[in-house]
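The values are calculated or read from the model by the stated rules, or taken from the named source; none is laboratory data. A quick note: this is a predicted structure, and the numbers were derived from the prediction, not measured. Glycine gets a Cβ as well: all are built from the backbone with ideal geometry, and neighbour counts include every protein chain shown.
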Amino acid sequence: MARVDLWNPFQRTDEEVLRLAGTYGEVITMHEDTSSTALVTIPSHHAEASCASVLAVEDLTVSIGGRLLLQGVTFALQPGQLCGLIGENGAGKTTLLRSLIGVQPSPHGQVSISGLAPRKSRDLVGYVPQKINFAPDLPLRVYDLVQLGCDGHRLGPRWFSRRLHQQVQAALDAVGAQDFAYQRIGELSGGQQQRAVIAHALARRPRLLLLDEPLANLDFRSANELAGLLGHLTRVHGLAVLVTAHDMNPLLPVMDHIVYLAKGRAASGGVREVVQSATLSKLYGYPVAVIEYGGRVLVLPHADAQIGEDGCYLMPNGSASGGPA
Amino acid sequence: MFDTFMIHTWIASTIIAATAGILGFFVVLRRSAFAAHALPLATFPGAAAAQLLGIQPLWGLLGFVTIAVVLLHQLQKLGRKDVAAGLVLVTLLAVGSLLLSMTNTYAPAVFSLLFGQVLGVSAADLWPVAVIASVVLIGAMGLYRPLLLQSAFPELALSRGISAGVIDILFLALLGLVTAMAMPVVGALLVFSLLIAPAAAAQSLSARPLQALLLAVMFSMGMIWLAIALSFWTNWPIGFFVGTMGALLFTSARMFRYIRHRWFSTGLPTTMKNQSMKLIPAAQPGEA
C-alpha cells in the first residue's frame, strides 16, 4: 500500500495568502486546516464593501410538488470568491441557482444579493444556464447576444448609443471573445459559445456570476481555458462566482470554496476540506479517489478505491491509476 | 394590371406581406411554425360563424382567433407546443365543419377563404387592414428586444425577469391579429407561406437580427408582388405562386449560403486562429 499525501501541492504559503488578499482587496477566509480557520483581513480601498457578502443564503427551503428539494440551505459568498456547487444528479443544484435568480416558485428562507432580494437584484447577477442549443441558423452574432445582455429587457426600439457599444466591448474583452464577436453564434465551437453566454451574463457588470454546468460538453482545452477565465474574473474583476460542475478537475486549481448538496441539505467548506476521498465518496454515494498527479490534485471515480480512516486514498499496489508512490 | 380596382389589391397585399414578414421572423425564431399553421386554419370557421350570426366576417374571424390564441396559450403551458397547436387545429376545424354544414355557404366561398381572394379587395376592406397592421407594427416595435431574447434564449430571458408566459400570449395575440387581417385577402393557407418562407430564407442569409428582419419583410413583399403579377397574367391561382415561390426562395437562400461558405471561407474556421496552444507533456507509462 502506498500512501499519498494529497495536500502538499495545494498548500498556500503566507505570502501567497497575502498576495491573494491584496488582489481581491477583500476579506479572505482561508480554510488551510480544519482545526483553526485563519481569517486574513487586509485593509483596502474598497473598505466599505469588504465585509458585506455578495450572496447570503439563509435557511433556504424549496419543495416542488410536495417533494422537499432543498432544506435549510445556508451559505455566503464573498467578492472575489470562486465557489463550486457540487452534488449528485437531482440533488437540487439547478433549483438552488434558480432560487438565487428569483425564478423558482415559492422558496422559503432568505436569499440576499448585496442586501437585495433576488427579484430586485437582477442587475447584480449574471446567470449562465445549462447547455443552450444554438440553432445554426439563428440570426444572432455574439455581439448581438451581448447587446441583449445589456438591454434585452427594455421595451421600444434600440437607438444607437456609444455607451452601449462600450459596455458590449468591455464584456467581450472580459471573456476574450473579440476574435469571434461578429460571427454567427450557431456556427461557433462549444467553448466559444460558452464564452459568448458568459459575456452576455457579464454585460450589466454583475457582482455575482452563477454558472450551471459550464464545463459540460467541452473538450479538455476549452474546459481548462474556461476554468482559467473564471479564475481571472474572480481575481481581476473581483466577481463572486458560483459554479456547478460534475467534473471538478479543471476547476480545482482556481476554486477556493465548495458548497455541497446531498439529500436536500447543504454544507460548505474550503476546497481542501471537501475534496477528500472520504467526503466525496460519502457525498456521491460512490467510491471517489482523490489523487495527486503531476503537481495537481485530481478527483476520479474509482470502484476499487479503499479509503483510510483519515480520509486518505490508499492505492492498491500495481494499480494503473498512477500517482507518485 | 394597375387599374383602379387593382390598386386596393396592391396596397392591401403590401401591408399584409410586410406585417407577415415581421411576425414571421419571430415565428421562425421561436420555432412555432406549426402554431402559425394552426392559427389561420383554426380561425377559418370564424367566417361561417359570422354568416350564421349575420355579422361582418372580420368580427367572426377576430372572435375565433381570440379563442384559438387563448386555447393555444393554455395548452402550451401544460407541455408540448406541437401537441397544443395540433389540438387547437383539430378542435376548431371540427367546430368549423359543423358551422359550415349549418350555413348554406357554397363551395367557392370556402375555397376563397382557404386560398384567398386577392383580386377582389375593395376600398372598405383596406381600413381594417391598415388599422390592424399599425397595431401589430407598434406592438412588434415595442416588444422587439424582449421578444428577440425570449424567442432565441428562453432561459436567459427568464433570468432577466422576462416572463415566458407574458411574451408568449402577447406574441400569439399579434400573430392572431395578422391572421384575422390577412385571411379574407390572401386566404388561410397563404398567410402561412408568407409567415414562414421569407423569414427562414432571411435568417439563413443574414446573421444580424435587424437585417434579417428587414430582409424577411422585403422577401415577403417581393413574393406577393410577383405572385399577383404572375396570377394576373396567367390567370392561375395566386396561392400556387406564393407557395412555390416560398419554397424556391428558401432553397436558393440555403444554396447561396452553402456556396458562400464553401468557396469564400478561408479553409480553417476562425475558431482555430489566435489560440495559443500549451503543450502538456504526455504521461509516460513507466512513471509512478
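Being at pLDDT 90 or above, of a type in the set (A, V, I, L, M) and either over 13 Å from the mean Cα position of the chain (by Cα) or in a helix (DSSP H, G or I) (or both): is that true of B:L172 here?
Working: at pLDDT 90 or above: yes; of a type in the set (A, V, I, L, M): yes; either over 13 Å from the mean Cα position of the chain (by Cα) or in a helix (DSSP H, G or I) (or both): yes.
Criteria met by B:L172.
Please go through region B:137-151 and pick out each residue that is within 16 Å of B:A18 (Cα to Cα) and either at the interface with chain A (Cβ under 7 Å from one of its Cβ atoms) or surrounded by 18 or more Cβ atoms within 10 Å (Cβ to Cβ) (or both). Write out each step before concluding.
Step one: filter region B:137-151 for residues within 16 Å of B:A18 (Cα to Cα), giving B:137-141, B:144.
Once the filter is applied, which keeps residues that are within 16 Å of B:A18 (Cα to Cα) and either at the interface with chain A (Cβ under 7 Å from one of its Cβ atoms) or surrounded by 18 or more Cβ atoms within 10 Å (Cβ to Cβ) (or both), region B:137-151 yields B:G139, B:A140, B:M141, B:Y144.
Take the residues in region A:91-115 that are aliphatic (A, V, I, L, M) and within 13 Å of another protein chain (Cβ to nearest Cβ), then tell me which one is farthest from A:I64 (Cα to Cα). I'd like the intermediate steps shown before the answer.
Taking region A:91-115 as the starting set, the residues that turn out to be aliphatic (A, V, I, L, M) are A:91, A:96-97, A:100-101, A:103, A:111, A:113.
Narrowing further to those that are within 13 Å of another protein chain (Cβ to nearest Cβ): A:97, A:100-101, A:103, A:113.
Values: A:L97: 15, A:L100: 16, A:I101: 17, A:V103: 13, A:I113: 23 Å.
In this case the residue turns out to be A:I113.
Of everything in region A:150-169 that's in contact (Cβ under 8 Å) with a residue 12 or more places away in the chain and more than 8 Å from every other protein chain (Cβ to nearest Cβ), which residue is nearest to B:F153 (Cα to Cα)?
Checking each candidate, the answer is A:C150.
Can you tell me how many residues within region A:170-190 are in contact (Cβ under 8 Å) with a residue 40 or more places away in the chain, within 11 Å of chain B (Cβ to nearest Cβ), closer than 20 Å to A:G126 by Cα and in a helix (DSSP H, G or I)?
Total meeting the criteria: 1.
Among B:A164, B:A201, which is the only one that is surrounded by fewer than 22 Cβ atoms within 10 Å (Cβ to Cβ), within 14 Å of chain A (Cβ to nearest Cβ), under 25 Å from A:R184 (Cα atoms) and of a type outside the set (F, W, Y)? So that I can check it myself, show each step before the final result.
Working: B:A201 fails: surrounded by fewer than 22 Cβ atoms within 10 Å (Cβ to Cβ).
The unique qualifying residue is B:A164.
Can you tell me which residue is farthest from B:G116 (Cα to Cα) among those in region B:51-70 that are of a type outside the set (A, V, I, L, M) and free of Cβ contacts under 8 Å to residues at least 24 places away in the same chain?
At the first step, the residues of region B:51-70 found to be of a type outside the set (A, V, I, L, M) are B:51, B:54, B:56-57, B:59-60, B:63-64, B:66.
After this cut, where a residue has to be free of Cβ contacts under 8 Å to residues at least 24 places away in the same chain as well, the list is B:54, B:56, B:59-60, B:63.
On the way: B:G54: 21, B:Q56: 17, B:W59: 18, B:G60: 17, B:G63: 20 Å.
Within region B:51-70, the match that is farthest from B:G116 (Cα to Cα) is B:G54.
Which of the helices (runs of 4 or more DSSP H) contained wholly in region B:91-162 include at least 3 residues that are touching a Gly at 6+ places or on another chain (Cβ under 8 Å) and over 30 Å from A:P139 (Cβ atoms)? Break it down stepwise before answering.
Details: elements: B:107-115, B:123-152, B:154-159.
Hits in region B:91-162: B:107-115.
Look at A:I198 and say whether it is closer than 30 Å to B:G142 by Cα and in contact with a Leu (Cβ under 8 Å, 6 or more places away or on another chain).
Values: closer than 30 Å to B:G142 by Cα: yes; in contact with a Leu (Cβ under 8 Å, 6 or more places away or on another chain): yes.
Spelling it out, A:I198 is indeed closer than 30 Å to B:G142 by Cα and in contact with a Leu (Cβ under 8 Å, 6 or more places away or on another chain).
In region A:129-162, what residues are closer than 28 Å to A:F75 by Cβ and surrounded by fewer than 23 Cβ atoms within 10 Å (Cβ to Cβ)?
Matches in region A:129-162: A:P129, A:Q130, A:K131, A:I132.
Could you list, in sequence order, the residues of region B:79-90 that are buried (at least 16 other Cβ atoms within 10 Å of the Cβ) and over 10 Å from B:A38 (Cα atoms)?
B:K81
Take region A:133-149 and flag every residue that is of a type in the set (A, V, I, L, M, F, W, C) and at the interface with chain B (Cβ under 7 Å from one of its Cβ atoms). I'd like the intermediate steps shown before the answer.
Here is the first cut: in region A:133-149, the residues of a type in the set (A, V, I, L, M, F, W, C) are A:134-135, A:138, A:140, A:142, A:145-146, A:148.
Matches in region A:133-149: A:L138, A:L140, A:L148.
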